[in-house]
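What follows is a set of notes on a single structure, which appears directly below.
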There are 2 protein chains.
Amino acid sequence: MTSGQLNRIFDCELFFKCENFQKVGAFKFRGATNAVMLLTADQKRRGVVTHSSGNHAAALSLAAAMNGVKAYIVMPENAPVVKKNAVAGYGAEITLCKPTLQSREETCRMIMEREGATLVHPYDNFNVISGQGTAALELLEDQPGIEAIVAPIGGGGLMSGTSTCVKAIDEKIRVIGAEPANADDAFRSFRSGKLLRSDNPATIADGLLTSLSELTFAIIRRNADDIVTVTEDSIKECMLLIWERMKIIIEPSSATVLAVVKENPALFRSKRIGLILSGGNVDLRKLPF
Amino acid sequence: MTSGQLNRIFDCELFFKCENFQKVGAFKFRGATNAVMLLTADQKRRGVVTHSSGNHAAALSLAAAMNGVKAYIVMPENAPVVKKNAVAGYGAEITLCKPTLQSREETCRMIMEREGATLVHPYDNFNVISGQGTAALELLEDQPGIEAIVAPIGGGGLMSGTSTCVKAIDEKIRVIGAEPANADDAFRSFRSGKLLRSDNPATIADGLLTSLSELTFAIIRRNADDIVTVTEDSIKECMLLIWERMKIIIEPSSATVLAVVKENPALFRSKRIGLILSGGNVDLRKLPF
């Protein structure tokens, strides 16, 4: 999508890739689908497993169902009922665990051993990363002449796929990661050259709380041009701008990409910029405005 | 746009014409543009005038500006500042008046006499009506095989244009008006064969408070197949459904068309239905959910 009003406000040409319209409401469906489709026939018979309470769980459940594969989803027992229902609605088998990373990983391992199921990690997985890269691929096919692409960074799956894909197509296109200043592990890792974590990150962009893995950090270090942090105020302001001017519903994580443009006008002026809106899953009863 | 989820919920194939993405955020831009473009050279030099505090004022202001025509907008002095700013932002000249219909019409007449400006009424105008009909025209061009089209009814401009256009293309396509039960003048007029008004209508669908005119009633009586009323609860529920499932922002008036499908499942089951979403201008700080 494009918006004449936003182009005038920011004095550049913006091309939005609307993953809020993607199945399950987020880009995660791309990676999950690719991972499921690339399983061997034997792996497909045994199913897939992941631990997640978010978009990846729903994405993997639907991708598995559409390919006739059984999905086992490990969720913390305190996960919101609406998320449990979404996953169950796609036909996945839910196993509840204690709300700790240790319990999630142990329960996952138990299912892998018992069922022979294949783990599909939300981002620490080459096939998932490749799938996420198809959003940028489609954007560049639709809009030749794009000079820079901005995508959000959480665990780094989307940015790994995006940067790898874009640089393979045209090294001159700049690839920039958008990260909340309040969860800036990728920014600090990129600058220092060492993988660092965010401890207790607190941001409205709840899809970007996760830290990079060794795998995604290695890919992003090689292929991304820069990582830029944005403030909470900018995220909220740009989320409202997109809702009001474009009449589309995006989650706060998606707004980080426009916030990068807003906070760095000199970098983008008069350029053709691709912005990946990562998703649109937001609680309409708890809006920040 | 289409939505697999909504198709499954309502057991039919829905094709949404998204006028929330139209310029100024509503179908009104179509009629205003057509009216301005069909002015004679002499009329264009003298400008256009209307009295409105809503979408038509913004639509006429922008349509005039894009065609190098001066627009005079009469607004009640108590109109919201944000609406005055929007109209002023398009370069129109605003004349404030008392918040009564009499004062609005008198001020309008005064400007017509002083400037020689042409009145462009929001719906009681053939060229405006023809312009509104282009939404249905595009929908039918994009989606052959549509068996029924549902559009909201307020003053009747959109329904007049829609029904005239659809019946000219294919008499067998059913054209149905969606009206809030709390502002059901068109429903009662259609059934009784006499033009009736809604007195003090109170509905969340604030774009549909207006009553039909003699002109729009005559056209709708001839070309529409039926008018169906919907409850306030249905409007709110369908508005939320479209926001949540389709990730797009629509105003309550737009939700009436899906509410018609929801309240009358037997009429629409297994059919291909066109739904005209009239606009997306809604105060994000005052949502009904």
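General remarks:
- Residue in the stretch A:212-220 that is modelled with pLDDT of 95 or more, touching a strand residue (DSSP E or B) at 6+ places or on another chain (Cβ under 8 Å) and within 14 Å of chain B (Cβ to nearest Cβ) present: no
- For the stretch A:1-53, the set of residues classified as more than 15 Å from the chain's Cα centre (by Cα) and without any contact (Cβ under 8 Å) to a residue 40 or more places away in the chain consists of A:Thr2, A:Gly4, A:Asn7, A:Arg8, A:Met37, A:Thr40, A:Ala41, A:Asp42, A:Lys44, A:Arg45, listed by residue number.
- Candidate set from the stretch A:232-289 (those that are within 14 Å of chain B (Cβ to nearest Cβ) and among the aromatic types (Phe, Trp, Tyr)); member that is nearest to A:Ala135 (Cα to Cα): A:Trp243
- Flag if B:Ala26 is of a type in the set (Gly, Ala, Ser), crowded, with 20+ Cβ neighbours inside 10 Å, closer than 30 Å to B:Ile242 by Cβ and within 14 Å of chain A (Cβ to nearest Cβ): yes
- B:Glu251 closer than 27 Å to B:Asp124 by Cα and out of contact with any helix residue (DSSP H, G or I) (no Cβ under 8 Å at 6 or more places or on another chain): no
So that you can scan it fast, the table gives a plain yes or no per residue for (1) of a type in the set (Phe, Trp, Tyr); (2) more than 17 Å from the chain's Cα centre (by Cα); (3) more than 20 Å from B:Glu19 (Cβ to Cβ):
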{"site": "B:Val166", "(1), (2), (3)": "no, no, no"}
{"site": "B:Leu196", "(1), (2), (3)": "no, yes, yes"}
{"site": "B:Leu215", "(1), (2), (3)": "no, no, yes"}
{"site": "B:Lys247", "(1), (2), (3)": "no, yes, no"}
{"site": "B:Val257", "(1), (2), (3)": "no, no, no"}
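- Only one of A:Arg114, A:Arg104, A:Arg109 that is crowded, with 16+ Cβ neighbours inside 10 Å and over 30 Å from B:Arg8 (Cα atoms): A:Arg104
- From the options A:Leu62, A:Leu38, residue that is more than 14 Å from every other protein chain (Cβ to nearest Cβ) and either touching a strand residue (DSSP E or B) at 6+ places or on another chain (Cβ under 7 Å) or of a type in the set (A, V, I, L, M, F, W, C) (or both): A:Leu38
- Hey, B:Leu209 farther than 19 Å from B:Ser163 by Cα, more than 14 Å from chain A (Cβ to nearest Cβ) and under 15 Å from the mean Cα position of the chain (by Cα) or not: yes
- Some residue of the stretch A:31-49 being under 20 Å from A:Leu277 (Cβ atoms), surrounded by fewer than 22 Cβ atoms within 10 Å (Cβ to Cβ) and either in the same structural domain as A:Leu139 (by TED's automatic domain parsing) or not polar (S, T, N, Q) (or both): no
The values are calculated or read from the model by the stated rules, or taken from the named source; none is laboratory data. Worth saying up front: this structure is predicted, and the values here are computed from it rather than measured. Counting neighbours? That spans all protein chains shown, and the Cβs are built from the backbone with ideal geometry, glycine included.
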